[in-house]
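A.B. asks: Pasting a structure below so you can have a look.
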Amino acid sequence: MGLKHPSAAPGPTRDLSVPPIFTLEGDSIPRHELPAGELPPDVAFQIVHDELMLDGNARLNLATFVSTWMEPQAKALMAECLDKNMIDKDEYPQTAELELRCVNILGHLWHAPDAAEATGCSTTGSSEAAMLGGLALKRRWQKRNPAGGTPNLVMGVNVQVCWEKFANYWDVEMRLVPMDGDRFHLGAEEAVALCDENTIGVVAILGSTFDGSYEPVKEICEALDDLQATTGLDIPVHVDGASGAFVAPFVDSELVWDFALPRVASINASGHKYGLVFPGVGWIVWRDSEALPADLIFWVNYLGDNMPTFALNFSRPGAQVVAQYYNFLRLGFDGYRKVHGYSREVATRLSAQIADLGPFELITKGDELPVFAFKLKDGIDNFTVFDVSNAMRERGWQLPAYTFPKNREDLAALRVVVRLGFGHDLADLLIADLNRQLPRLKAQAAPVHDASTASAFHH
Ligand SMILES: Cc1ncc(COP(=O)(O)O)c(C=O)c1O
């Protein structure tokens, strides 16, 4: 079964047609079956290339957190490494060495007690990293509590779908703290109230996908310290820093959220988000080797040497890991600080301009992650955020509109993710286009699009 986008229009079913210029007229190329024969490479290229023209323009996609721009030198290195398999650490020892350096760099950045010997690895993204972090928490709980009941994991309802996958795939109960009024993410008191002897951990998100806000990691840890003092329950924290673990160290150096808090057992981050690498790389670092039970690690001897592996995949491209190291070397601390500082400047200026347009009210300002959400002011009932999103599509912008989860399903918002490649100039063009569309929307008699008619949006 192909997993199809639910709102995907039924595609054409007839065979592909080759334009006459290729002198192959009459050839029938099946669309959904393997063609019987070969095609010249130029023809195959042109057919695929032409079809891909209908994909969106990644730089105008304000929905994605994933990097859509890299330097030509990074692209050249990635092209050099396209054939390298990350798992073949014996065949590609230098790629393996660069991965190790990246783990140590992140260990330092996130204040791991022994960063020179940091325990961690690269992954395909934060989702895989979250699965590994969750598995380590589960195994540790099983060792603490061999006769335990159903394990549970406490988190805010705003968690990204990867945590729902983790709970579903590994039989862990999700204990979700709902949103409440203007609290759009996990609160310390609410998290602790859901913990018991079967809690394998609490997930705190540094940079909520819904609105870019940081969850109060320090307060959550302190509340769990109090819980331990009164009940003896010692519950570790995993920080889902998919975006924020690559932002906060550079532009929020005073924020305490990482291994500086003894309760933080593990941290994941997406190299392909604010780590500034093209899609395909994530990271997980544990506070120390104790936090990652050794019996989760496999040792394989069929790659030339005895190699440890803790991963859901086996083979995986090495190019993204090399590109991550390139970025670390190229930008250093100061470069990342400048890039993310600029994104935050763009986000906060743009959110203020949007607030000044009249119909919108900010939910967040973009002063934590350079990401902000906004809604229509109360009383506007002739158009919706889904109408705004659709209107902006006419100019190529993908400005996602979506409803919030439990208990704020009433709240529908738009969100902008500012990242490298989206500067003040593009932000000015976005404002100009909003200004161009608003008179028409304000004049319309009734809403046209709502959550059910909006094109599906996934966080
Ligand atoms: C907070 C959070 N966690 C996890 C993920 C999943 O990350 P990835 O796409 O790297 O698997 C995301 C993606 O947006 C996210 O925002």
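The values are calculated or read from the model by the stated rules, or taken from the named source; none is laboratory data. Remember, it's a predicted structure, so these values are computed and weren't measured experimentally. Cβ: placed from backbone, ideal geometry, glycine included. Neighbour counts: every protein chain shown. Note: areas computed on protein heavy atoms with side chains; ligands, DNA, RNA excluded. Shrake-Rupley method; radii C 1.70, N 1.55, O 1.52, S 1.80 Å.
A.B. asks: Can you give me the convex hull volume of the Cα atoms of the stretch 308-459, divided per residue and expressed in Å³? Working shown, then result.
C.D. replies: Working: hull volume 26.0 nm³, N = 152.
Given the Cα convex hull of the stretch 308-459, per-residue volume reads 171 Å³.
A.B. asks: What's the center-to-center distance, using Cα atoms, between the stretch 411-447 and the stretch 280-354 in Å?
C.D. replies: A separation of 32 Å, based on Cα centres.
A.B. asks: Relative to the Cα centre, what is the charge dipole magnitude of the chain, using +1 at the beta carbon of each Lys and Arg, -1 at the beta carbon of each Asp and Glu, and rounding to the nearest 20 debye? Numbers along the way, then the final one.
C.D. replies: Numbers: 38 positive and 60 negative charges, 113 e Å.
The dipole magnitude comes to about 540 debye.
A.B. asks: Assign unit charges at the C-beta atoms only (+1 for Lys and Arg, -1 for Asp and Glu), then state the dipole size of the stretch 348-413 relative to its Cα centre in Debye, rounded to the nearest 20.
C.D. replies: Numbers: 8 positive and 10 negative charges, 38 e Å.
Computed charge dipole of the stretch 348-413: roughly 180 debye.
A.B. asks: Where both partners of a DSSP beta bridge lie in the chain, what percent of those bridges are antiparallel, to the nearest 5?
C.D. replies: Numbers: 27 of 44 bridges.
Percentage antiparallel, nearest 5: 60.
A.B. asks: Per-residue ellipticity at 222 nm for the chain, helices alone: DSSP H runs ≥ 4 residues times -39500 (n - 2.57), over residue total, nearest 500 deg cm²/dmol? If you can, show how the numbers build up before the last one.
C.D. replies: On the way: 11 runs with 158 residues, N = 459.
So the calculated ellipticity at 222 nm is -11000 deg cm²/dmol.
A.B. asks: Okay, next question. Once the dipole of the chain is set up with Lys and Arg at +1 and Asp and Glu at -1 on Cβ about the Cα centre, which of Phe250, Ala265, Leu227 lies farthest towards its positive end?
C.D. replies: The residue sitting farthest along the positive end of the dipole is Phe250.
A.B. asks: Per residue, how much accessible surface does the chain expose to a 1.4 Å probe? Answer in Å², no decimals.
C.D. replies: On the way: 21650 Å² over 459 residues.
Accessible area per residue, the chain: 47 Å².
A.B. asks: Hey, another quick one. Give the calculated FRET efficiency between Arg183 and Gln73 to the nearest 0.05, with a Förster radius of 45 Å applied to their Cβ-Cβ distance. Intermediate values should be presented prior to the final figure.
C.D. replies: Numbers: r = 44 Å, r/R0 = 0.98.
Result of the calculation: an efficiency of 0.55.
A.B. asks: Place a point 7 Å from Cα of Asp114 in the direction of its Cβ. Which residues in the stretch 284-300 have their backbone N less than 18 Å from it?
C.D. replies: Correct set: 285-297.
A.B. asks: Just to be sure I understand the rule: take each whole DSSP H helix in the chain, project its Cα atoms onto its long axis, keep it if the span is 15 Å or more and its mean Kyte-Doolittle hydropathy is at least -0.5. Which ones pass?
C.D. replies: Working: long enough: 41-52 (16 Å, 0.21); 93-109 (24 Å, 0.22); 126-144 (27 Å, -0.68); 217-231 (21 Å, -0.03); 319-356 (43 Å, -0.29); 424-443 (29 Å, -0.13).
Span-like helices here: 41-52, 93-109, 217-231, 319-356, 424-443.
A.B. asks: For an R0 of 56 angstrom, estimate the FRET efficiency from the Cβ-Cβ distance between Ser452 and Gln228 and round to the nearest 0.05. Write down the numbers at each step before the final one.
C.D. replies: Numbers: r = 46 Å, r/R0 = 0.82.
Computed FRET efficiency for Ser452 and Gln228 comes out at 0.75.
A.B. asks: Kindly give the semi-axes, whole Å and largest first, of the ellipsoid equivalent to the chain, taking each as the square root of 5 times a Cα gyration tensor eigenvalue. Could you put the intermediate results ahead of the total?
C.D. replies: Numbers: eigenvalues 266, 206, 97 Å².
Largest first, the chain gives 36, 32, 22 Å.
A.B. asks: Go through the stretch 362-377 residue by residue and turn each phi into a ³J(HN,Hα) via Karplus (6.51, -1.76, 1.60, θ = phi - 60°); whole Hz please, and just put x for glycine and proline.
C.D. replies: 7, 8, 9, 10, x, 9, 10, 5, x, 9, 9, 10, 8, 10, 7, 5
A.B. asks: What whole-number value in cubic angstrom gives the convex hull volume per residue for the C-alpha atoms of the stretch 262-370?
C.D. replies: Details: hull volume 18.5 nm³, N = 109.
Output value, Cα hull per residue: 169 Å³.
A.B. asks: To continue, here is another question. Can you list the chymotrypsin sites (Phe, Trp or Tyr not before Pro) in the stretch 47-136 that are in a DSSP coil and have 13 or fewer other beta carbons within 10 angstrom?
C.D. replies: Passing both the DSSP loop test and the Cβ count: Trp69.
A.B. asks: Further question: What's the carbon and sulfur percent of the chain's accessible surface, probe 1.4 angstrom, rounded to a whole number? If you can, show how the numbers build up before the last one.
C.D. replies: Details: 11650 of 21650 Å².
In the chain, the share of accessible area belonging to carbon and sulfur is 54 percent.
A.B. asks: Residue farthest toward the positive end of the dipole of the chain, with Cβ of Lys/Arg at +1 and Asp/Glu at -1: which of Val418, Trp163, Thr95?
C.D. replies: Val418
A.B. asks: Given the stretch 28-75, report the % of alpha carbon pairs whose separation exceeds 15 Å.
C.D. replies: Percent of Cα pairs beyond 15 Å in the stretch 28-75: 66.
A.B. asks: Taking a spot 7 Å from the Cα of Trp299 along the direction of its beta carbon, which residues of the stretch 110-143 have an amide N less than 18 Å from it?
C.D. replies: Within reach of a label on Trp299, which here means backbone N under 18 Å from a point 7 Å along Cα→Cβ, the stretch 110-143 contributes 120.
A.B. asks: Additional query: Stick to Cα atoms and the Kirkwood definition of Rh, then tell me Rg/Rh for the stretch 217-272.
C.D. replies: On the way: Rg = 12.4 Å, Rh = 12.0 Å.
Rg/Rh for the stretch 217-272 comes to 1.04.
A.B. asks: Distance from the Cα centre of the stretch 99-121 to that of the stretch 212-227, in angstrom?
C.D. replies: Comparing the Cα centres of the stretch 99-121 and the stretch 212-227, I get a distance of 23 Å.
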